[in-house]
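For reference, the structure discussed in these notes is given below.
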Amino acid sequence: MSVIPDASGESLESFVVSNIEQGSVIVTDGWRGYSFLDTSDYHHTKILKKRIG
C-alpha cells in the first residue's frame, strides 16, 4: 500500500512497477490511467460496472 500523488498513468505505472511482480494478474476498473498495463508484462483484467438507469 502506498500513497501516490495522483491517478495519472505515470503515477500508477511507477507504483505498479515498484510494487508488483511482473507476470502478476492485476484487476482494475476501466480507468484510462491503467492503459499501460495492456502492453506490459502484467496480466490485466478490467471489471466494468454497468450503469443502472
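Quick notes on this structure:
- Across region 2-30, the qualifying residues are those that are in contact with a helix residue (DSSP H, G or I) (Cβ under 8 Å, 6 or more places away or on another chain) and in a loop (DSSP other than H, G, I, E, B), and the one among them that is most open to solvent (accessible area, probe 1.4 Å) is 5.
- Just one of the listed residues (35, 11) is modelled with pLDDT of 95 or more and touching a Pro at 6+ places or on another chain (Cβ under 8 Å), and it is 11.
- When the residues of region 31-53 are filtered to those that are in contact (Cβ under 8 Å) with a residue 24 or more places away in the chain, assigned to a helix (DSSP H, G or I) and not hydrophobic (A, V, I, L, M, F, W, C), the one that is surrounded by the most Cβ atoms within 10 Å (Cβ to Cβ) is 34.
The values are calculated or read from the model by the stated rules, or taken from the named source; none is laboratory data. What you are looking at is a predicted structure, and each value in this text was computed from that prediction instead of being measured. Here Cβ is always computed from backbone atoms with ideal geometry, including for glycine, and neighbour counts include all displayed protein chains. Areas reflect the complete protein model, heavy atoms only, side chains present, ligands, DNA and RNA absent. Shrake-Rupley method; radii C 1.70, N 1.55, O 1.52, S 1.80 Å.
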